[in-house]
Amino acid sequence: DTGNDEQLYECPMCSLTCTNIQILEEHVDLHLEEQSFSEGGNLRDLELAQWLQTEEDNRQRSEEEKREKEEFKKLQRQYGLDNSGGYKQQFLKNMEREVDKGRMQPFEYHKRKADMMECLAFGIDDGKTKTSGVIEALCKYYQNENKDVRHVWLSTEVDHFHSSLGDRGWGCGYRNFQMLLSSLLRNSLYNDCLKDTTLIPSIPKIQSMIEDAWREGFDPHGASHFNNRLHGSKAWIGACEIYSLLTSLRIKCQIIDFHKPTGPVGTHPHLFEWVLRYYSTDDEGGAKVLCTSKPPIYLQHQGHSRTIVGIEEKKNKTLCLLLFDPGCPSQEMQKLLKQNSDGTSLKLLRKFVGSLKEKQYQIVAVDGVLSLEEKAACCRASQVLTSEKIP
């Protein structure tokens, strides 16, 4: 009350005094609109923040899925599972590249293409990467070696196969199987098992043979890794595929897993000792050089495989493996055939304990023939296959 009978109205929200009720109502409405705008703004800010967080989560998830897909494709390419073709496609592509660079004449391209197509049609290897007679040459060399070798044990005769234009970069497992098979074909013990395999098969044929083993029921877990298909791919194979293929042929073998180093600085002396026991079971009779009746051994580690064809024992008792490497070309292997070799070429084969430092190695060792019943039992066992562990 102003004392002159003028009615005053106080704002309940800010205590402002108004002289007119309409003014007060308009003033209060402004307060309410401001509050409503403020509350709505807070709500919009919260919704915006949640939307932005959702978008960021989706972006990160999309990038992670993209990285995973790229990594998966990289692994597929690395292991030959990217549907980029197999032996034949790579062979032709590499020959075309040789022609483009002037290192191969067109007539040679067409001749080699025709030869390749004929070999693939018959499922046999063309033999152009093969070197024979190395074990015999080694036996003669060691007979005359008088420096530091106390004993040496050699496998039965075995041909060396190296990678070609068609399988360079991925074919080592197949080439090592060809080496092992070349030894078994010389042994009458395996005649019945190998009556349908009288010649060394080509890599595509080996792929089909492994697929046949899978269809029989061998190693379904491993088969699923390759989607049950190898033929027409550049897929790497390892010890399990070699085991399945050999066993399907009724060839008795075992996988030994050296799953961790057993010596200093990441070495595997137990692997060398196992190989020595394998080769030295034959009656030695005190001979320095023993050409055994044992087949070579398939040796696998991450990314590569080789074939063990013998073992040296030095006069100081150290051991040295003798390995055939599919990556070693024929020109180098043929140096081992010279009768008057001074031993320098043996560097191609020798691997001491300190030379093998991969985290894990697997070997496949052949040891006889299976009956049909034993083959069936091995097939059932391979469905839950676990490698024998060496402590």
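The values are calculated or read from the model by the stated rules, or taken from the named source; none is laboratory data. Here the structure is a predicted model, which means the values were calculated and not measured. Ideal geometry is used to build each Cβ from the backbone, glycine not excepted, and the neighbour counts take in all protein chains shown. All accessible areas refer to the heavy atoms of the entire protein, side chains included, with ligands and DNA or RNA removed. Shrake-Rupley method; radii C 1.70, N 1.55, O 1.52, S 1.80 Å.
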* If you go through the stretch 142-155 one residue at a time, do you hit one that is open to solvent by 30 Å² or more (accessible area, probe 1.4 Å) and among the aliphatic types (A, V, I, L, M)? -> no
* Structure fact -> Taking first residues from the stretch 139-167 that are over 30 Å from Asp126 (Cα atoms) and second residues anywhere that are of a type in the set (Gly, Ala, Ser), the pairs with Cβ under 9 Å that are 6 or more apart or on different chains are Glu145/Gly343; Lys147/Gly343; His151/Ser280; His151/Ala287; Val152/Gly310; Trp153/Ser280; Trp153/Gly310
* Asked: Of the residues Lys335, Lys351, Lys347, Lys359, which is assigned to a strand (DSSP E or B), open to solvent by 20 Å² or more (accessible area, probe 1.4 Å) and assigned by the TED database to the domain that holds Glu136?
  -> Lys351
* Structure fact -> Scanning the stretch 191-218 residue by residue, the ones that are crowded, with 22+ Cβ neighbours inside 10 Å, out of contact with any Gly (no Cβ under 9 Å at 6 or more places or on another chain) and in contact (Cβ under 8 Å) with a residue 60 or more places away in the chain total 1
* Counting only residues that are among the small types (Gly, Ala, Ser) and within 23 Å of the chain's Cα centre (by Cα), which one in the stretch 234-288 is surrounded by the most Cβ atoms within 10 Å (Cβ to Cβ)? -> Ser244
* To do: Take the stretch 197-256 and flag every residue that is of a type outside the set (A, V, I, L, M), in a loop (DSSP other than H, G, I, E, B) and closer than 22 Å to Lys88 by Cβ.
  => Thr197, Ser202, Phe226, Asn227, Asn228, Arg229, His231, Gly232, Ser233, Lys234, Trp236
* **Residue that is nearest to Glu216 (Cα to Cα) [pool: residues in the stretch 351-391 that are modelled with pLDDT under 90 and in contact with a strand residue (DSSP E or B) (Cβ under 9 Å, 6 or more places away or on another chain)]** => Leu385
* Asked: Which of the residues belonging to the stretch 305-332 are open to solvent by 50 Å² or more (accessible area, probe 1.4 Å) and on the phi < 0 side of the Ramachandran plot?
  -> Lys315, Asn316, Thr318, Gly327, Gln331, Glu332
